[in-house]
Amino acid sequence: MGGGVQMKGLAWLMRVWRDWRRRRYEHGLLAGMSAAQLQDVGITRADAMEELAKPWWRRNTRG
């Protein structure tokens, strides 16, 4: 009985860790984009800065 709970907890922890790593990677990409690249994806520098200022657990992700 306890093993199932531990596995669920471990699975949750792995998802949180995976999400954190993905968001950290995406944060680096967004931070490194030029004004032209940001324009290509349809956001402004202000939009990017607003997104980068959010804590990782509050970031909306797509996909």
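The values are calculated or read from the model by the stated rules, or taken from the named source; none is laboratory data. For clarity, every value in this text was computed on a predicted model and none was experimentally measured. Cβ: placed from backbone, ideal geometry, glycine included. Neighbour counts: every protein chain shown. Only protein heavy atoms, including side chains, enter the accessible area calculation; ligands, DNA and RNA are left aside. Shrake-Rupley method; radii C 1.70, N 1.55, O 1.52, S 1.80 Å.
Examine region 9-21 for a residue that is free of Cβ contacts under 8 Å to residues at least 40 places away in the same chain, charged (D, E, K, R), open to solvent by 90 Å² or more (accessible area, probe 1.4 Å) and closer than 18 Å to ALA53 by Cβ, and state whether such a residue exists. No, region 9-21 has no match at all. Scanning region 22-37 for residues that are closer than 21 Å to PRO55 by Cα and assigned to a helix (DSSP H, G or I) returns ARG22, ARG23, ARG24, TYR25, GLU26, HIS27, GLY28, LEU29, LEU30, ALA31.
Taking the criterion of being of a type in the set (Val, Ile, Thr) and either open to solvent by 80 Å² or more (accessible area, probe 1.4 Å) or in contact (Cβ under 8 Å) with a residue 12 or more places away in the chain (or both), the residues of region 22-63 that qualify are VAL41, THR61.
For ALA11, the conditions (1) at pLDDT below 95; (2) outside any helix (DSSP H, G or I) all hold with the exception of (2).
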